[in-house]
Amino acid sequence: MFLSKVTMISSPQTTHELAKLQRNGVYASHQLIWQLFSKDTERSFLYREEMGATGMPEFYVLSETEPQASLPVFSCATKVFEPKLHKGQRLLFKLRVNPTICVKSEDGKQRRHDVMMQAKYNVKDEQTDAQTLKMHMEQAAINWLNNEKRLDEWGITLDFQPSIDGYTQHKVQKKRHQIQFSSVDYQGMLTVQDPLKFINQYAKGFGRAKGMGCGLMMIKRA
């Protein structure tokens, strides 16, 4: 695997790309990152977008193949990513993920819903003030991440309840279709229980909407 820090640099073409990012958010980011892998026929990367100190977007990209920054909009610093982890190792993490829950609708079919919006819907008939509602929604998101079965599949445990740093609802236009999903930003500390499980999951990404900037976990030693 390769881990890259991709920074946008000033150029006439960058101005054009930034305008697209403002118009169509994470889908435009997805298309932009694809340009680093123009020879690939299938997506083999995860990415996380952040705002750099210069006010320009920057991206952390995990990929199977090495990115090729052939356009004059990128500065790309890449290294081979082969973390050596052992059982019991503690890591600080940041994760942007799309937490969803399956709910049976009135027609009997299972449909996926935003975990936080579903939590809000569940208390719609209660007299709840804004702060209590926020805490209720955030707790639902924390419970999603702290699910014992999910964490076992990922090969980790959480050392304490993670914090939520952000919640964003995305609406993007993909050709003739509008895509809607949400992302939650978590941070906290984890303990590796099964290094092989964790690395395999890390390479695949966590949760859904992985093509839209979700699923890449940033880790460092605690």
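The values are calculated or read from the model by the stated rules, or taken from the named source; none is laboratory data. Being a predicted model, the structure only gives us computed values, none of them experimental. Methodologically, a virtual Cβ is constructed for each residue, glycine included, from the backbone with ideal geometry; neighbour enumeration extends over all protein chains shown. Accessible surface areas use protein heavy atoms only, side chains included; no ligands, DNA or RNA. Shrake-Rupley method; radii C 1.70, N 1.55, O 1.52, S 1.80 Å.
Tabulated data
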quantity: Residues Gln139 and Ser105, FRET efficiency given R0 of 25 Å [Cβ-Cβ distance, rounded to 0.05]; calculated: 0.55
quantity: Protection proxy ranking, peptides 186-198, 139-151, average beta carbon neighbours within 10 Å, highest first; calculated: 186-198, 139-151
quantity: Carbon/sulfur fraction of accessible area - the range 141-193, other protein chains in place, 1.4 Å, %; calculated: 40 percent
quantity: Helix runs (DSSP H) in the chain reaching 20 Å along axis by Cα, Kyte-Doolittle at least -0.5; calculated: 130-145
quantity: Theoretical FRET efficiency, 1/(1+(r/R0)^6), r = Cβ-Cβ of Leu71 and Leu196, R0 30 Å, to 0.05; calculated: 0.25
quantity: Cα principal axis extents for the range 127-222, largest first, Å; calculated: 41, 39, 23
quantity: In order through the range 98-105: 3J(HN,Hα) via Karplus (6.51 cos²θ - 1.76 cosθ + 1.60), integer Hz, x for Gly, Pro; calculated: 9, x, 10, 9, 8, 10, 7, 8
quantity: Relative contact order of the range 81-203, pairs being alpha-carbon contacts under 8 Å that are 6 or more residues apart, as %; calculated: 36 percent
quantity: Ranked order, Glu153, Glu42 - accessible area, probe 1.4 Å, largest first; calculated: Glu42, Glu153
quantity: Per-pair calculated FRET efficiency, R0 = 45 Å: Ser11 and Glu153 via Cβ, rounded to 0.05; calculated: 0.55
quantity: Exposure of Val97 as accessible area (Å², to 10), given a probe of 1.4 Å and all protein chains; calculated: 0 Å²
quantity: Rg over Rh [alpha-carbon atoms, Kirkwood Rh] for the chain; calculated: 0.98
quantity: Links that overshoot a 25 Å alpha carbon limit, given the list Lys120/Lys171; Lys5/Lys39; Lys124/Lys204; Lys39/Lys204; Lys5/Lys220; calculated: Lys124/Lys204
quantity: Listed residues Ile199, Ile33 arranged by accessible area, highest first, probe 1.4 Å; calculated: Ile199, Ile33
